[in-house]
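Student: Below are the structure tokens for one structure; questions will follow.
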Amino acid sequence: MSIPTSVLEDLLQAMPQLRPQIYFKSSLTALSHAMEDQILAGADRALVVACFQRERFYRQEAHRYRRIGTTTDQLYVLAAPETEFKSGSDVHETVAFEPSDGLANEWHLLVLAEQYACCLVCRESNSNGIADSELNGMDQARRFEGIWTFDRLVCTKVGELLLERVRIYRPELDAKIDRAFHTYNLGVKPDSDALGGFQNVDPGPFAQRLVTYLQAGQHKLLKTYRSIAAQERRERSINSITTAIRQSLNPADIFQVAVRELGQALDVCRCLIYRCKESDATATIDREYLGASVPSLAGQTWPLQDNPLFREVVEALAPVAVENALTDRRIANSKTLQTLMQEWQIGSWLMVPVLYKNQVVGMVELHQCGCDPRVWDAEELTLVDAIATQVGVALIQAEAYANLEGLNQQLEALDRTRSNLIAIAGHELRTPLSTIQVCLESLSSDPDMPAELRQVMLSTALDDAERMRTLVQDFLTLSRLESGRVEWNPEPLPLLECVELALSSIRTRANSSSHEVPEISTHLPDNLPLVRADGEWLVEVLSKLLDNACKFTPADGEVKVEAQLNRDRFIQVSISDTGRGIPSDRLEAVFDRFYQEEGALRRSTGGTGLGLAICRQIVHAWGGTIWATSEGKNQGSQFHFTIPTDASVSDSPSPSPKSTPKSRRGNRSSRGQRHQASGKRK
Ligand code: ADP
């Protein structure tokens, strides 16, 4: 059952002389409470009709109405049901109406007693606003228009209108309503003596109650305004800090902005932010804001593992607050905390974790220094927590960006490598290929070619085919190493055997070519421990370095292989030559892929520019380092690299080999303290 018409409208139509007024919800609440108290205080059995807009408003007052119900059998409560409110008869009559009913927008309270009469009949001015205003805490400011009066004539009319409505909703109450009409003289013109609101009743207590309720309403309003203002302040701080944080992708800047803004917003003596993980023993204080002249903690090492506050934060993944460090039980029980508190004058403490995916990635700490304890209120905690969340997000974003940058750089490097490869391939492969082609064409087109020339042609073609093979092989080797597709078989090996294998391959090549190589000598101490490496790859490194030393040193120069055990119990191998040397600013660059001092396209010495890059990959794979030194141009160069030793035999005075490296070139040579190789090489 839904009646769209308004009781207020009906009243104003029946009594056009009435002038409605505006009331705020807080005033109506005060008036209603004063009227209800009046019923409870009086001895009259009053007719009471209360119309609540919705069930929830009635619920707030239900206990009062149960009490009122015990004072009169003529109490009618009307509301639009929301959960369990329904029409029925209990301590009082309940009347449920549809939410679309005109009453859903109206607030009525009628009290008609013998000694006094009072009513308020109001309609919400902007019913659409209810939900919104309730949501943002402005419920008290809802506006109504209507009549509030002690006029018995008006009250009688209101009684008639409301009870007639009840009769429609609940026809079974017909007799009871008739009784009310009869008892309270409804439907008849009241006699002029009874027109006043309070007959023989002192209106003072009513007025006092009204004022008390109005004050309470005012207080509630003030509280609401205060909390709205605080919320606004908090949101403004969060916004400004978030904006500032988001302007940078540099974690250091993000921390700096966050500590400053947070420290200022909360007016603390010290605000810290540092990065840390749950398992860290200590942290270094990255960023700090000082709001007072207290000792600075920037750059200090901050204990975490034996810090009970940190452990508590990590376990709860939630903020931990200390209001008074002097009386706090956790601080009293921890030497670490006591030391920190005294050294850094911490009076009150707040630790809030910076979390990412439920993992601690950092910490925000606020310190209030001095003796006055500071109570960290819920709003401050919410603010710091919100900022810590923003810092976490910004940090992860910055890291993602840095990773992206790194990936970009890798991609660019890859792209450069590819271009280099194309350039190398363009030259390195095409040049020998065309030489081979020319040689073979000449051989096939000129069957009468002298035998000597024929031999030259053939060996040129073979040499160039070999150059191409080396380039392709080096490139494939480097690709395998870089992509981690190499299976390593480290084993204890005597270094000397590896050196000899490398030398023998050089010797073999030198013997088969016309290019003279310098004298090579080996100086290895007898008591060198076994190295732990993959022999095949160790021989590869030695061969490449020896090959370079010979390549860049004139035939009358010298090449030396030396080794010694260094302090880290690694063997350091050095291959030095007296050749053309390397400028000091190129000592690092020579290890880059395709680095060649003359440039790939103007090379005269052969080679691919990949040899040292391959050596670096191999040495790094066994945990060693490789580097070059040189006094400069024509002053010779030295290439050094380190290899781990085999711990089980490292102290043995005369190591016996456990295995022998297999040479990639298949040669083995005998042991020897000094070794010389010479020959021709192109
Ligand atoms: P390449 O095949 O060109 O020798 P590497 O990677 O082995 O390639 O060496 C890169 C560059 O480093 C050489 O082209 C040369 O300029 C320089 N380099 C290497 N070893 C020596 C050395 N012993 N003396 C002088 N320069 C060297």
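The values are calculated or read from the model by the stated rules, or taken from the named source; none is laboratory data. Computed from a predicted structure; not experimentally measured. Positions of Cβ are generated from backbone atoms using ideal geometry, with glycine treated the same way; all protein chains shown enter the neighbour counts. Only protein heavy atoms, including side chains, enter the accessible area calculation; ligands, DNA and RNA are left aside. Shrake-Rupley method; radii C 1.70, N 1.55, O 1.52, S 1.80 Å.
Student: Probe 1.4 Å, all protein chains in place: accessible area of Met1 in Å², nearest 10?
Tutor: Its heavy atoms expose roughly 120 Å² to the probe.
Student: So if R0 is 60 Å, what FRET efficiency would Val472 and Gln264 give, r being the distance between their Cβ atoms, rounded to the nearest 0.05?
Tutor: With a Förster radius of 60 Å, E is 0.40.
Student: Mind checking which of Ala549, Cys119, Leu355 is farthest towards the positive end of the chain's charge dipole, using Cβ charges of +1 (Lys, Arg) and -1 (Asp, Glu) about the Cα centre?
Tutor: Ranked along the dipole, the leading option is Ala549.
Student: Find how much the distance from Glu232 to Glu172 grows on full extension, using 0.36 nm per residue of separation minus their present alpha carbon separation; answer in nm with one decimal.
Tutor: Length gained, Glu232 through Glu172: 16.3 nm.
Student: Tell me, how many Å apart are the Cα centres for region 546-585 and for region 605-642?
Tutor: For region 546-585 versus region 605-642, the Cα centre distance is 9 Å.
Student: Could you tell me the distance between the Cα centroids of region 67-89 and region 20-59, to the nearest Å?
Tutor: Cα centres, region 67-89 to region 20-59: 13 Å.
Student: Nearest-5 percent of antiparallel DSSP beta bridges in the chain?
Tutor: For the chain, the DSSP antiparallel bridge percentage is about 85.
Student: Mind jotting down the three principal axis lengths of region 7-224 based on Cα atoms? Whole angstrom, largest first.
Tutor: Rounded to whole Å, the extents work out to 47, 39, 36 Å.
Student: For Asp415 and Trp488, what is the calculated FRET efficiency with R₀ set at 35 Å and r taken between the beta-carbons, to the nearest 0.05?
Tutor: 0.75
Student: Tell me the label-point distance for the pair Ala318, Glu405, using the 7 Å Cα-to-Cβ offset, in nm and rounded to one decimal.
Tutor: 3.8 nm
Student: Next question, about the same structure. Under a 1.4 angstrom probe, counting protein chains only, how are Lys86, Lys551, Lys560, Lys335 ranked by accessible area, largest first?
Tutor: Solvent-accessible surface, decreasing: Lys335, Lys86, Lys560, Lys551.
Student: For the chain, what is the Kirkwood estimate of the hydrodynamic radius, computed as the reciprocal of the mean inverse distance between distinct Cα atoms, to one decimal in Å?
Tutor: Computed over the chain, the radius equals 35.2 Å.
Student: Heavy-atom accessible area of Lys157 with all protein chains present, probe 1.4 Å, nearest 10 Å²?
Tutor: 60 Å²
Student: Only Lys, Arg, Asp and Glu count, each charged at its Cβ (+1, +1, -1, -1), so figure out the dipole size of the chain about its Cα centre, rounded to 20 debye.
Tutor: 1240 debye
Student: Looking at Gln397, Leu462, Leu429, which one has the Cα that reaches farthest to the positive end of the dipole of the chain (charges on Cβ: Lys, Arg +1; Asp, Glu -1)?
Tutor: Value: Leu462.
Student: Also, quick follow-up: Quantify, in whole percent, the carbon and sulfur part of the accessible surface of the chain (1.4 Å probe; protein heavy atoms only).
Tutor: So the carbon and sulfur contribution to the accessible surface is 50 percent.
Student: Lys/Arg Cβ at +1, Asp/Glu Cβ at -1, dipole of the chain taken about the Cα centre: which of Leu453, Gly204, Leu610 is farthest positive-ward?
Tutor: Working it through, the farthest residue towards the positive pole turns out to be Leu453.
Student: Next question, about the same structure. Asp280: accessible area at probe 1.4 Å, nearest 10 Å²?
Tutor: Rounded to the nearest 10, the figure is 40 Å².
Student: Here is a further query. Considering only DSSP states other than H, G, I, E and B, which GluC sites (Glu not before Pro) in region 56-92 qualify as loop sites with at most 11 other Cβ atoms within 10 Å?
Tutor: The qualifying sites are Glu84.
Student: First measure r as the distance between the Cβ atoms of Asp253 and Thr629, then evaluate 1/(1 + (r/R0)^6) with R0 = 35 Å and state the FRET efficiency to the nearest 0.05.
Tutor: Step by step, r from the Cβ atoms, then E = 0.30.
Student: Additional query: Would you list Glu145, Glu160, Glu452 from the most to the least accessible area, probe 1.4 Å?
Tutor: Glu452, Glu145, Glu160
Student: Oh, and also: Rounded to the nearest 20 Debye, what is the dipole magnitude of region 7-224 about its Cα centre when Lys and Arg each give +1 and Asp and Glu each give -1 at the C-beta?
Tutor: 480 debye
Student: Just report the Cα centroid separation between region 452-518 and region 201-257, whole Å.
Tutor: About 80 Å separates the Cα centre of region 452-518 from the one of region 201-257.
Student: Could you rank Leu587, Leu297, Leu153 by how accessible they are, 1.4 Å probe, largest area first?
Tutor: Accessible-area ranking of Leu587, Leu297, Leu153, largest first: Leu153, Leu587, Leu297.
Student: Which net charge results for the neighbourhood of Ala533, defined as the other residues with beta-carbon distances under 11 angstrom from its beta-carbon, given Lys and Arg at +1 and Asp and Glu at -1?
Tutor: -4
Student: Relative to the compact-globule scaling 2.2 N^0.38 Å, provide the ratio for the alpha-carbon radius of gyration of region 224-358.
Tutor: The reported ratio for this selection is 1.11.
Student: Oh, and also: How much net charge surrounds Lys176 when only the other residues with a Cβ under 12 Å from the Cβ of Lys176 are counted, with Lys and Arg +1 and Asp and Glu -1?
Tutor: Once all neighbours under 12 Å are counted, the net charge is -2.
Student: Measure off 7 Å from each Cα along the Cα-to-Cβ vector at Leu326 and Lys86, then give the distance between these two points in nanometres to one decimal.
Tutor: Label-label distance for Leu326 and Lys86, simple model: 6.4 nm.
Student: Please identify which residues in region 349-368 have an amide N closer than 12 Å to a label point set 7 Å out from the Cα of Glu278, following the Cα→Cβ vector.
Tutor: It comes to 356-361, nothing else.
Student: Right, another one. Taking 7 Å along the Cα-to-C-beta vector as the label spot, tell me the His219-Thr183 distance in nanometres, rounded to one decimal.
Tutor: 3.6 nm
Student: When Lys and Arg each count +1 and Asp and Glu each count -1, what net charge do the other residues less than 11 Å away from Thr578, Cβ to Cβ, add up to?
Tutor: The answer is -3.
Student: While we're on this one: Relative contact order, percent, of the chain when contacts are C-alpha pairs under 8 Å separated by at least 6 residues?
Tutor: The value is 9 percent.
Student: Taking just the alpha carbons, could you work out the radius of gyration and Dmax for region 382-459, both in angstroms?
Tutor: When restricted to Cα atoms, region 382-459 yields Rg and Dmax of 29.9, 97 Å.
Student: Which of the aspartates and glutamates could a cross-linker span from Lys560 if the Cα-Cα distance has to be under 18 Å and same-chain partners fewer than 8 positions apart are dropped?
Tutor: Glu497, Glu500, Glu516, Glu519, Asp526, Glu540, Asp547, Asp577, Glu631
Student: Past the 25 Å Cα-Cα mark, which pairs from Lys25/Lys223; Lys86/Lys223; Lys551/Lys633; Lys25/Lys189; Lys86/Lys189; Lys86/Lys176?
Tutor: Lys86/Lys223; Lys25/Lys189; Lys86/Lys189
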